[in-house]
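These notes concern the structure reproduced below.
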């Protein structure tokens, strides 16, 4: 699959040079710049998405534990306390998205 994609790119570049070599040179020169900018963007987004995934995992864990133990939460009349904890976790998640 990688080989076929590389062949397609190579053929496209050959056709581009055949049609208009001036414009093709501009495109070929711009490709490394675009690859570099994409790498920088990818690294920055990876850090941001890791934080979002962590916060979502925390929220999902909290919700699953509370739904599973709903009878115990109700038995000890802790609905308000658990709701406040949920709001705190949810606010952390929102801050992470901003």
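Screening 7, 19 for residues that are surrounded by 10 or more Cβ atoms within 10 Å (Cβ to Cβ) and more than 28 Å from residue 96 (Cα to Cα) leaves exactly one candidate, 7.
Yes/no matrix, rows are residues, columns are (1) surrounded by 10 or more Cβ atoms within 10 Å (Cβ to Cβ); (2) touching a residue at least 40 places away in the same chain (Cβ under 8 Å):
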residue: 37; (1), (2): yes, no
residue: 47; (1), (2): no, no
residue: 52; (1), (2): yes, yes
residue: 61; (1), (2): yes, no
residue: 67; (1), (2): no, no
residue: 83; (1), (2): yes, no
residue: 86; (1), (2): yes, no
residue: 92; (1), (2): yes, no
residue: 98; (1), (2): no, no
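So that you can scan it fast, the table gives a plain yes or no per residue for (1) at pLDDT below 90; (2) touching a helix residue (DSSP H, G or I) at 6+ places or on another chain (Cβ under 6 Å); (3) not in a helix (DSSP H, G or I):
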| residue | (1), (2), (3) |
| --- | --- |
| 28 | no, no, no |
| 31 | no, no, no |
| 42 | no, no, no |
| 48 | yes, no, no |
| 53 | no, no, no |
| 56 | no, no, no |
| 59 | no, yes, no |
| 67 | no, no, no |
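The values are calculated or read from the model by the stated rules, or taken from the named source; none is laboratory data. Nothing here was measured: the structure is a model prediction, and the numbers come from that model. We place every Cβ from the backbone using ideal geometry, glycine too, and count neighbours over all the protein chains shown.
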